[in-house]
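Encoded as structure tokens, the structure appears first; notes follow it.
Nothing in this text is a laboratory measurement; each read-out follows from the coordinates by a stated rule. On a predicted model such as this, the values are computed, not experimentally measured, just so you know. Counting neighbours? That spans all protein chains shown, and the Cβs are built from the backbone with ideal geometry, glycine included.
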Protein chains: 2
Amino acid sequence: SRAQGCEGKVLTVDTMNANVKKVEYAVRGPIVQRAVQIEKELKEGVKKPFNEVIKANIGDAHAMGQQPITFFRQVLALCSYPELLDDNKFPEDAKNRARRILKACGGSSIGAYSASQGIDCVRQDVSRYIEHRDGGIACDPDNIYLTTGASDGIVTILKLLTTGEGRTRTGVMISIPQYPLYSAALAELGAVQINYYLNEEKCWSLDIDELQRSLEAAREHCRPRVLCIINPGNPTGQVQSRQCIEDVIRFAAKEHLFLMADEVYQDNVYAEGCAFHSFKKVLFEMGPKFSSTVELASFHSTSKCYMGECGFRGGYMEVINMDPEVKAQLTKLVSVRLCPPVPGQALMALVTNPPQPGEPSYAQFIAEKTATLNNLAQKAKMTEEILNTVPGIRCNPVQGAMYSFPRITLPERAIKDAKGQVPDMFYCMKLLEETGICLVPGSGFGQKEGTFHFRMTILPPTDKLQTMLRKLKEFHQQFTQQYS
Amino acid sequence: SRAQGCEGKVLTVDTMNANVKKVEYAVRGPIVQRAVQIEKELKEGVKKPFNEVIKANIGDAHAMGQQPITFFRQVLALCSYPELLDDNKFPEDAKNRARRILKACGGSSIGAYSASQGIDCVRQDVSRYIEHRDGGIACDPDNIYLTTGASDGIVTILKLLTTGEGRTRTGVMISIPQYPLYSAALAELGAVQINYYLNEEKCWSLDIDELQRSLEAAREHCRPRVLCIINPGNPTGQVQSRQCIEDVIRFAAKEHLFLMADEVYQDNVYAEGCAFHSFKKVLFEMGPKFSSTVELASFHSTSKCYMGECGFRGGYMEVINMDPEVKAQLTKLVSVRLCPPVPGQALMALVTNPPQPGEPSYAQFIAEKTATLNNLAQKAKMTEEILNTVPGIRCNPVQGAMYSFPRITLPERAIKDAKGQVPDMFYCMKLLEETGICLVPGSGFGQKEGTFHFRMTILPPTDKLQTMLRKLKEFHQQFTQQYS
Ligand SMILES: Cc1ncc(COP(=O)(O)O)c(C=O)c1O
Ligand SMILES: Cc1ncc(COP(=O)(O)O)c(C=O)c1O
């Protein structure tokens, strides 16, 4: 056995971690790689039927020109270079926030490692934010873990929950369409992915019957233990109703499932009549029978909402009803990686403790935040409206988050011509080559057999988004004609 | 089977990921938790035989009062709040660096996600730095991956390499004493830890005979595929000779092992006659027989050296001779977490592309860097000298890194009195309670059966370090007396 494999590389695709091989990640897949190539070609002067690539493939607001919140960046600059604390150009409230954060850092430097669970005073800010958000329901800072983006928290909780072999292997229920971090993490951990389908006909709502169906089918071959929900939804842009959340909690309690609530878009709600209801709040409003038993982890991030600060990799999770011994294990586990990035923690402190009425930066903060959210709401509406004028494209209302996930009708002949390529990948690749528009095919997120979609962010600036939607309309009409 | 476990929690220590349970992490273990508690008690006015806790348990320079490099923080402030680019207070070279970094960011904001492998121009800076460090040996930016601290890179490579079951399970050779990230990651991944012992009698050097012994023993029960080296060493503070590195590479080639070189302390070399030799450089100097075959991953970090910027979680790895298909898998894998923190990437750009002669910030940069490294060298020497004046403590020279790992002789009766507690844990806990000094017991890093050690950083300010060493001396003498 020693001689075997002694030639060639130690590490090959045949001798590497098989779970890693199974991981798929469409948001940065072949379409995006080709888009990067095309950008290079354009720079080198290669002639194309367009002048620039428009990236509507990823929820990255700043990359699409959204401006950061001034106050946040002032405090971050002060924390980075505290000499600026003597500078009159910075408002007093920004300085106070910076002083408070620095005081909580080892050696008063954001260059020191923090406690692994996160800086104490930041966890306190987070817990007050949650209490305020949820109408006063208590939040214990001990239940808050700061993370390296929400991604990190989600993977960490899934890791804790993954165990067993064969038919006792942990099964994790995720919505289809899904955000592909989930399928990727499950593949990597070797957990069993259990698909439940969102109801496209009812605006991507979540049916308890469908949860029940998928759970029962899964029980034949694994041990379902976790139910993941993304609300507001990525890639589908829906906002779940309070009633639906209550039903989901009841279902989790009845079926003995650990709930993971991905609530990174909690400020991104646009549609009339929709509101964000946190799982935590609904759980506690359902009374002690539920609030003292149902295990819940909820995730938030600095990457989304009105701030869109993706590059800082700030995030937190709140764990509720977690077994104290497991919590100790969680704390130990996160300590191995030392700590989440401190600038991201500082940013999370600002997101959860922004300027208050009466403070010098309040008016500007509110103006910037409101403008960004209003702009997103307007683009959400515009996207839905324009897409629905195209025969062969049908788009649910973009109630929240940053995406539309329209269904597209593809002619039979296009499906044939795709020659084994997934048809919506074929469609999106052609769209990219002909128009420079970069979208992600629906197949990257999962979709009902025989249906096709793409995901498009609503993040490009209004005029660019409008141009893009017009081009997309033309493309779709031409594509349909060509293959009919 | 459904009813089973339907009472009580979904997630308990009995139903959680068993690998996670096996993880141990001493650097933030019970001693440190007790130290945090004691700090709180002191604040609350509880009387103790000391006024403050001195933390010499973790390599966190800023927390111990080391000042950041001015230039680095200026650029980070400019990147955070680009309005400052109009401010005359900032030197031109800082502004140019900030402009260059911002230009490479989506939407010119460090709040945008970067490419998953890291920002292009930062990877170019890193590659030029490596070429310069290694006397001109070529470095391809495509082989550079930016990471969330070195920790992230190390775990990612170990993950790729872990495969097989039972006797074919991947075995990973690590030095004992080790930095406990390694044992923790191996436990989590379910890989087999293979211990090779550093030679304490020869200043913690690495003997090829010992590598051979441990490899052969391991082949009885797993498939050894990886050899990890930390140079300069944590926790042992040694700097390996060029000859030793060559021998290790030869050994890896002969035994078909993937090499992981943890070189995060590459600037931290203090002892006369010692120098840092990168594995990459030695590999290429050994000629194409080795340089075109031996697979190597090397890790670096913004956390150590003269900058000590731990909180930013900046890091990179260079992969050499990695199978292209595996590299594609690696790129896919890192894309799931989107990207490393962008401020940490910016910092890595500065570390690898600092002010150059002729630029306005050059003189101050060199002065600050030199002062910090000289100060560390002086404290390394002082630590060794004072510890070696204590009967029952024997300390190897602190040739590099930031730690001493002295051997302590514990009286028989102390070992008995520890009552099942590991004796050096008993010793360190008593030290903490009586003097406020926080060290990590040797058992947290691994040590030869029957020997006892502690790890102490050399990071406290000189006067505090001196006081600490004096107190430690008194404590050791008293402890020895008490238990003799
Ligand atoms: C639903 C959802 N969860 C989690 C994340 C991860 O975000 P981050 O890791 O940047 O916080 C995203 C990012 O797009 C997301 O859409
Ligand atoms: C040998 C060694 N490797 C890796 C690390 C991880 O450092 P970071 O993740 O902060 O880059 C450390 C930190 O102390 C270390 O000592």
GluC sites (Glu not before Pro) restricted to segment A:396-460 and DSSP loop, no more than 16 other C-beta within 10 Å: A:Glu449
About the Cα centre, charge dipole magnitude for chain A (Lys/Arg +1, Asp/Glu -1 at Cβ), debye: 800 debye
Cα-projected label distance for A:Lys40 with B:Asn96, points at 7 Å along beta-carbon direction, nm: 2.7 nm
Radius of gyration and maximum dimension Dmax of segment B:99-352, Cα, Å: 17.7, 57
Largest-first principal axis extents of the Cα set of chain B (Å): 66, 60, 56
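Once you order the gyration tensor axes a ≥ b ≥ c over the Cα atoms, which shape class does segment A:1-114 get: rounded for a/c under 1.5, otherwise prolate or oblate by comparing a/b with b/c? Please report the intermediate quantities before stating the final value.
Details: a/c = 3.41, a/b = 1.48, b/c = 2.30.
Taking the square roots of the gyration eigenvalues as a ≥ b ≥ c, segment A:1-114 is oblate.
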Listed residue pairs exceeding 28 Å between alpha carbons, taken from B:Lys48/B:Lys464; A:Lys22/B:Lys21; B:Lys47/B:Lys381; B:Lys202/B:Lys289: B:Lys47/B:Lys381; B:Lys202/B:Lys289
Qualifying aspartates and glutamates (Cα of each under 16 Å from Cα of B:Lys95; at least 8 residues distant if same chain): B:Glu83, B:Asp86, B:Asp87, B:Glu359
Beta bridge orientation in the protein assembly as shown: antiparallel %, DSSP, nearest 5: 50 percent
At 7 Å out from Cα toward Cβ: B:Glu325 inter-copy label distances (nm, ascending): 4.4
Nearest-0.05 FRET efficiency for B:Arg169 and B:Gln466, computed from C-beta distance (R0 56 Å): 0.70
Reachable aspartates and glutamates, given that their alpha-carbon falls under 19 Å from the alpha-carbon of B:Lys40 and they are not under 8 places away in the same chain: A:Asp120, A:Asp140, A:Asp142, B:Glu52, B:Glu433, B:Glu434
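Counting pairs of alpha carbon atoms under 8 Å apart in space and at least six apart in sequence, what relative contact order in percent does segment A:182-287 give? Numbers along the way, then the final one.
Details: 107 pairs, mean separation 25.2, N = 106.
Across segment A:182-287, relative contact order equals 24 percent.
If you restrict to DSSP beta bridges whose two residues both lie in chain B, what percentage is antiparallel, to the nearest 5? Numbers along the way, then the final one.
On the way: 20 of 41 bridges.
Among the beta bridges of chain B, antiparallel pairing accounts for roughly 50 percent.
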Calculated label separations, A:Glu272, copies of the chain, 7 Å along the beta-carbon direction, nm: 8.5
Peptide A:316-326 - average C-beta neighbours from other chains (10 Å radius): 3
Test item: Cα-centred dipole of segment B:74-161, Lys/Arg +1 and Asp/Glu -1 on Cβ, debye: 80 debye
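When the gyration tensor of the protein assembly as shown is built from Cα positions, what are the square roots of 5 times its three eigenvalues, in whole Å, from largest to smallest?
45, 31, 31
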Under the span-like rule (Cα at least 27 Å along the axis, Kyte-Doolittle mean at least -1.0), DSSP H helices of chain B: B:362-387
Long-range HN-HN contacts of A:Ile176 with modeled amide H, under 5 Å: A:Tyr196, A:Tyr197, A:Leu198
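Loop-only GluC sites (Glu not before Pro) in segment A:126-226, please: DSSP not H, G, I, E or B, and at most 12 other Cβ atoms within 10 Å.
A:Glu165, A:Glu220
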For chain A, with +1 on Lys and Arg beta carbons and -1 on Asp and Glu, the positive-most of A:Ser183, A:Leu333, A:Phe251 along the dipole: A:Ser183
Segment B:24-85: trypsin sites (Lys or Arg not before Pro) in DSSP coil with no more than 12 other Cβ atoms inside 10 Å: B:Lys47
Proximal aspartates and glutamates relative to A:Lys379, as straight alpha-carbon distance under 13 Å, when same-chain residues fewer than 8 apart are discounted: A:Asp463
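Using unit Cβ charges (K, R positive; D, E negative) and no other charged atoms, how large, in debye to the nearest 20, is the dipole of segment B:99-352 about its Cα centre?
On the way: 25 positive and 29 negative charges, 145 e Å.
With Lys and Arg at +1 and Asp and Glu at -1, about 700 debye.
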